[in-house]
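Comments concern the structure below.
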Amino acid sequence: MSRQKRRSSSAASSHDDADGEAELRSIYAALDARVAGLERNCQARTRCCRFQITGEHPLVTRAEARYMLKGVRASGRRAVSIRSDGACPLLKDDGRCSIYAFRPFGCRSHFCAAAGGMVARREIADLIQRLTALDEKEGGDGPRSLPEAVAAGEREATSRRRRDR
């Protein structure tokens, strides 16, 4: 592929990424507004983020994984490593989320019982449909557990960087 075609392809991809990110941020804003009106028990306790303890993982789509990795870069980290204690790989040493503003739908909707349990599906079904449609548009193959999605997102980003050189 010529350098010119690579640049055109890269520019189109960047535009699509921006559109996807705008839709994702819109979904998150709507979810955050709905959750704000519900009684929740999450006060940055991070119990839900201890996947090995809870046996639960939030599910993450391809677009969300990309957005989360943007948050990783914004936090100053270059890569994400799976933790030996089974906790979320995005927790900082102090136990707080390193990408809180970039956290996925599952974390925002309190997937874990310690935070009050998942928001009732009837309250967010339309947002789940929008997230599913965005995943399909982005070429995703459905949600994955957070650690799997982050690893896949990092592989995709590495492949993109190599291709764009």
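The values are calculated or read from the model by the stated rules, or taken from the named source; none is laboratory data. None of the values given here were measured: they were computed from a predicted structure. Cβ: placed from backbone, ideal geometry, glycine included. Neighbour counts: every protein chain shown.
Scanning segment 55-77 for residues being within 23 Å of Leu127 (Cβ to Cβ) and of a type outside the set (A, V, I, L, M, F, W, C) gives a total of 10. For Ala120, state whether it is more than 17 Å from Thr54 (Cβ to Cβ), of a type in the set (A, V, I, L, M) and loosely packed, with under 12 Cβ neighbours inside 10 Å. For Ala120, the condition - more than 17 Å from Thr54 (Cβ to Cβ), of a type in the set (A, V, I, L, M) and loosely packed, with under 12 Cβ neighbours inside 10 Å - is met. Considering segment 89-107, the residues that are surrounded by fewer than 20 Cβ atoms within 10 Å (Cβ to Cβ) and in a helix (DSSP H, G or I) include one that is modelled with the lowest pLDDT, namely Tyr100.
Among the residues making up segment 118-147, those that are in a helix (DSSP H, G or I), of a type in the set (Asp, Glu) and in contact (Cβ under 8 Å) with a residue 40 or more places away in the chain are Glu123, Asp135.
Can you find a residue that is part of a loop (DSSP other than H, G, I, E, B) and among the polar types (S, T, N, Q) anywhere in segment 71-81? Checked segment 71-81: at least one residue is part of a loop (DSSP other than H, G, I, E, B) and among the polar types (S, T, N, Q).
Which one of His110, His57 is in contact with a Phe, Trp or Tyr (Cβ under 6 Å, 6 or more places away or on another chain), at pLDDT below 90 and not in a helix (DSSP H, G or I)? From the options His110, His57, the qualifying one is His57. Scanning segment 35-46 for residues that are surrounded by 15 or more Cβ atoms within 10 Å (Cβ to Cβ) and at pLDDT 75 or above returns a single hit, Val35.
Restricting segment 123-165 to residues that are β-branched (Val, Ile, Thr) and surrounded by 15 or more Cβ atoms within 10 Å (Cβ to Cβ) leaves a set whose member that is nearest to the chain's Cα centre (by Cα) is Val150.
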